[in-house]
Every structure is written in structure tokens, then in C-alpha cells.
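Step one of this worksheet: look at the structure below.
The values are calculated or read from the model by the stated rules, or taken from the named source; none is laboratory data. This one's a predicted model, so the numbers in the text were calculated from it and none came from an experiment. Here the Cβ positions follow ideal geometry from the backbone for every residue, glycine too, while neighbour counts run over all protein chains shown.
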Amino acid sequence: MPYRKGVTTIQLTPQTRDKLKDLGKKGESYEQIILKLLKPAKK
């Protein structure tokens, strides 16, 4: 993956990655899924 300014990489186990994927909708990025999950935590 080429370096993109302002983008980081986090390490996840394949199991955690799959759980995130299951929580998302088709075409939704991991970024979008994580942001959706963080919304209730901000309140």
C-alpha cells in the first residue's frame, strides 16, 4: 500500500478484522465502521 499522508495503519488480528467487517454494510470502509461504533462512546 503506498504511503498516504494523514492515514495510519493499525494492527488487528484476522478475527477482529472479520468482526468489524460483519458489523459494516457492503462497501463500507473500516474507517466508517469504526466511526459509527465510536459515536455512542462520545455521548
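State all residues of the stretch 22-39 that are under 8 Å from the mean Cα position of the chain (by Cα) and surrounded by fewer than 12 Cβ atoms within 10 Å (Cβ to Cβ); if no residue qualifies, say none. Walk me through how you get there before you give the answer.
The initial filter retains those residues of the stretch 22-39 that are under 8 Å from the mean Cα position of the chain (by Cα), namely 29-35.
Matches in the stretch 22-39: Ser29, Glu31, Leu35.
Name the one entry in Ile10, Ile33 that is assigned to a helix (DSSP H, G or I), at negative phi and either of a type in the set (A, V, I, L, M) or touching a residue at least 60 places away in the same chain (Cβ under 8 Å) (or both). Even if it seems obvious, please write down each step before you answer.
Values: Ile10 fails: assigned to a helix (DSSP H, G or I).
None of the others qualify; the one that does is Ile33.
For Ala41, only one of the following conditions fails: (1) at pLDDT 90 or above; (2) in a helix (DSSP H, G or I). What is its number?
Unmet condition: (1).
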